[in-house]
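The values are calculated or read from the model by the stated rules, or taken from the named source; none is laboratory data. Everything numeric here is computed off the predicted structure, so don't read it as measured data. As a convention, Cβ positions derive from the backbone with ideal geometry for all residues, glycine included, and neighbour counts pool all protein chains shown. For accessibility, only protein heavy atoms count, side chains too; no ligands or nucleic acids. Shrake-Rupley method; radii C 1.70, N 1.55, O 1.52, S 1.80 Å.
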Amino acid sequence: SKAAEAKINLASAYAAQMGVYGDTGEYTNNLAEAGFQAYGAKFYKVGLASDSPEFAKYCPDCLATRDTFKIVAIGNIDSDADLDIWTIDQDKVLKHVQSDY
């Protein structure tokens, strides 16, 4: 399933944030500095609202604070106008926000 890519990369970004929190006591708005690199990014882009206007448009609250974060994965998995959107937060709650099926 194409959505597995989003789930895998969100789990990886979650782990990167947890690592930063363990080291510094706060989350970061820079996933690259946290060591996150998307794996097999073919269908989805993963990041925070501060990373791109597209992320900010579809998930303006996808940011990190000292004690919270929400990360978004956005993809167009079937080449129509709709997007598939997933998020994960500091509690590891994975949500399918919008379907592209």
Inside segment 28-44, the number of residues satisfying the requirement of being open to solvent by 30 Å² or more (accessible area, probe 1.4 Å), of a type outside the set (A, V, I, L, M, F, W, C) and within 12 Å of the chain's Cα centre (by Cα) is 3
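Condition test on residue 89, is it on the phi < 0 side of the Ramachandran plot, among the charged types (D, E, K, R), surrounded by 11 or more Cβ atoms within 10 Å (Cβ to Cβ) and in contact with a strand residue (DSSP E or B) (Cβ under 7 Å, 6 or more places away or on another chain)? So that I can check it myself, show each step before the final result.
Working: on the phi < 0 side of the Ramachandran plot: yes; among the charged types (D, E, K, R): yes; surrounded by 11 or more Cβ atoms within 10 Å (Cβ to Cβ): yes; in contact with a strand residue (DSSP E or B) (Cβ under 7 Å, 6 or more places away or on another chain): yes.
Yes; evaluated as a whole, the condition is true for this residue.
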The condition of being under 10 Å from the mean Cα position of the chain (by Cα) and open to solvent by less than 50 Å² (accessible area, probe 1.4 Å) holds, among 47, 75, 19, 25, only for 47
